[in-house]
1. What's the center-to-center distance, using Cα atoms, between the range 1-23 and the range 77-151 in Å?
2. Where the convex hull is taken over the Cα atoms of the range 29-148, what is its projected area averaged over directions, in nm²?
3. Name the long-range amide H neighbours of Thr128: under 5 Å, sequence gap of 5 or more, or other chain; modelled H, no Pro or chain starts.
4. Would you pull out the residues with amide H under 5 Å of Leu57's amide H, same chain only if 5 or more places away, H placed 1.01 Å from N?
5. With every protein chain kept in place and ligands, DNA and RNA left out, what is the accessible area per residue of the range 37-185? Probe 1.4 Å, answer in Å².
6. Taking the 0 to 90 degree range and rounding to the nearest ten, how far is the long axis of helix 33-42 tilted relative to the main principal axis of the chain, both from C-alpha atoms?
7. Over the range 14-76, with a single point scatterer placed on each C-alpha, what log10 of the ratio I(q)/I(0) does the Debye formula yield at q = 0.14, 0.15, 0.22, 0.25 1/Å?
8. What ³J(HN,Hα) values, in whole Hz, does the Karplus curve 6.51 cos²θ - 1.76 cosθ + 1.60 give for the range 138-143 when θ = phi - 60°, with x put for Gly and Pro?
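The values are calculated or read from the model by the stated rules, or taken from the named source; none is laboratory data. Computed from a prediction, not measured in an experiment: that's the story for all the values here. Glycine also receives a Cβ, built like all others from the backbone with ideal geometry; neighbour counts cover every protein chain displayed. Ligands, DNA and RNA are stripped out before the accessible areas are found, and what is left, the full protein with its side chains, is counted by its heavy atoms. Shrake-Rupley method; radii C 1.70, N 1.55, O 1.52, S 1.80 Å.
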Amino acid sequence: MRILVIEDDDKIASFIVNGLKQSGFAVDHAADGEAALSLVESVPYDALVLDIMLPQLDGLSVLRRIRQERKSLVPVLLLSAMASVDNRVAGLQAGADDYLTKPFAFSELLARLQALIRRATHVADPTTLTVADVSMNLLTREVTRGGQKIDLQSREFALLELLMRHPGRPVTKTMILEHIWDYSFDPQTNVVDVLAHRLRSKLEKNFAQKLMHTIRGVGYVLKTA
C-alpha cells in the first residue's frame, strides 16, 4: 500500500511518515499543495493524508482539485488544528473521507487510514486474509501457516499482503517497488529479489508444499500448484 503525506511541518511530517513506514506502507511526502498535485497526477496512491494549512495551495483547494479536476476517488484523511464543527463540515464537503484534529495519536491515524483503505478496496473480510493454509490478521499483523506463527519484518509483511491480495495472479516487480518502496527508489537494484527470498525462506521453512513461485522476467505469485 502506498500513501502520500502532504504536510509542511517537518516534525509532524517525519512523525507520520516514519510511523507509516514502520507499519509496512510505502510513503511519499509533499510539503506544499502544488507538489502534492504533481505527485497525485503521476503516482497511483492508496490514500492521502492531507493537512489543511499548506503553503502555495491550501489543503482544501488541493482536495477540491483532486476531486473536481482529476475526478479521483482516492481516500483522503484531512488533518487540521481547527476542531470546530464548521471546520470539519467544510473539510468533508470539500471531499475528505475523514477528518482528524491535531494533536493526534499515531495509532488513531493508522486505524482511520486502514478503515478508509478497506472501504475503498471493498475487502470482503476487513481484518483477515487467507490463502491455502496461510492466514494474515491485518489488525494484529500476525501471520500463521498451518497454525504456526511466522515472524515477519514490515516489508516482508507488506510483500506477503500484496501477494495475498492477488492470489493466483502474478505480482510484478514494478508493482512491488511501487507499493513497498518510495517512488524515488532506484529500480535497478535487486532489493525485490532479496526481499522475496527472505519471505519465501520464512513462509516455506518446515513446509513441504511451496506457495510462493517466481515468474521469470515478471515477478512472483502465491498459489498452491
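1. 15
2. So the mean shadow area of the Cα hull is 8.9 nm².
3. It is Leu138, by chain and number.
4. Gly33, Glu34
5. 49
6. The angle comes out near 40 degrees.
7. -0.39, -0.44, -0.93, -1.16
8. 6, 8, 8, 6, 9, 10
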